[in-house]
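What follows is a short report on a single structure.
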Amino acid sequence: MTVYSEKRQSLWLESWHRLRKNKAAVLGLVILVFLLFVAIFADVIAPFDFRTQNLNAVFVKPNATHWFGTDNFGRDIFSRVVYGSRISLQIGFIAVGIALLIGGFIGAVSGYFGGIFDILFMRLVDVMLAVPTILLAISIVAVLGPGITNLMIAVGVSSVPSYARIVRANVMSIKQMQYIEAARAMGSTNFRIILKHVIPNTLAPVIVQSTIGVAGAILSAAGLGFIGLGIQPPNPEWGSMLNAGRHFIRDHPHLTTYPGLAIMITILSLNLLGDGLRDVLDPKLKE
């Protein structure tokens, strides 16, 4: 077991060294770390409170005081974009966590035990896949109501099928390996085999999918916010800011430019990192 653990650690260390050689992935990682830093220290970085209104300074163009200008209520857009990073990243990571927990459980049980579990769970997944992800998320939010918690649940649940299928496919392949048979012969329980052997060996594709999934979750949340089903004002979610600014886009394009750039940069960084992780962790792409 010690040899196996050390070998696994060396593989992860080797993967890290290979990731460092991928300039696009490193760029994505640097941008993501920067965004996380901004989100964590938003209270320090933002020069104004995101709720503060100044009706004497509405639609101010970007200047030295208001770097991104102000909106129709005189609120500082830079501060709202900074606080918005906290909300959007929180939604992205927690929604993926929900999808990973539910989808991972369904996929692991279906792939390992098969039989009636596989039939029931996969038919449920097939039904969910029959509905477009964004439409399923809209339906869930419409039932639960708008709000950050309901939005995370909606985006997370709508993403469950992709994680369930990925985990199931990997578990079905792994359970045929000789070391799984050896673990069974040594008297290991199914729970121990899944926890100690199956799950660790499914981490690589799950990590890749989760990284790209965070980008998809943020984009879905922004889309829901844009149509008014996301975070409600005055909370500064990027999609909601786009929705609020679109009415003034002709005369005051800065209201939508900066939230849109924030979404674009975040999605780009996650996709770059996800592509790099796929190249590093996928054994078929290794040199």
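The values are calculated or read from the model by the stated rules, or taken from the named source; none is laboratory data. Given the structure is predicted, the values throughout are model-derived calculations rather than measurements. No Cβ is skipped: glycine too gets one built from the backbone with ideal geometry, and neighbour counts run over all protein chains shown.
Tabulated data for the structure shown
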item: Which listed residue is modelled with pLDDT of 85 or more and assigned to a helix (DSSP H, G or I), from Asp49, Asp126; result: Asp126
item: Odd one out for Val60, checked against (1) surrounded by 14 or more Cβ atoms within 10 Å (Cβ to Cβ); (2) closer than 30 Å to Ala164 by Cα; result: (2)
item: When residues of segment 135-171 are limited to those that are among the small types (Gly, Ala, Ser), in contact (Cβ under 8 Å) with a residue 40 or more places away in the chain and in a loop (DSSP other than H, G, I, E, B), the one surrounded by the fewest Cβ atoms within 10 Å (Cβ to Cβ); result: Gly147
item: Answer from Phe105, Phe59, Phe117 - the residue that is touching a residue at least 24 places away in the same chain (Cβ under 8 Å) and either over 22 Å from Thr211 (Cα atoms) or not β-branched (Val, Ile, Thr) (or both); result: Phe59
item: From Ala222, Ala182, residue being among the hydrophobic types (A, V, I, L, M, F, W, C) and closer than 20 Å to Ile148 by Cβ; result: Ala222
item: Gly115 among the small types (Gly, Ala, Ser) and surrounded by 14 or more Cβ atoms within 10 Å (Cβ to Cβ); result: no
item: Segment 235-263: number of residues that are of a type in the set (A, V, I, L, M) and touching a residue at least 40 places away in the same chain (Cβ under 8 Å); result: 5
item: Elements of type helices (runs of 4 or more DSSP H) in segment 175-287, at least 2 residues being of a type outside the set (Gly, Ala, Ser) and either within 21 Å of Leu29 (Cα to Cα) or touching a Cys at 6+ places or on another chain (Cβ under 7 Å) (or both); result: 203-226, 254-281
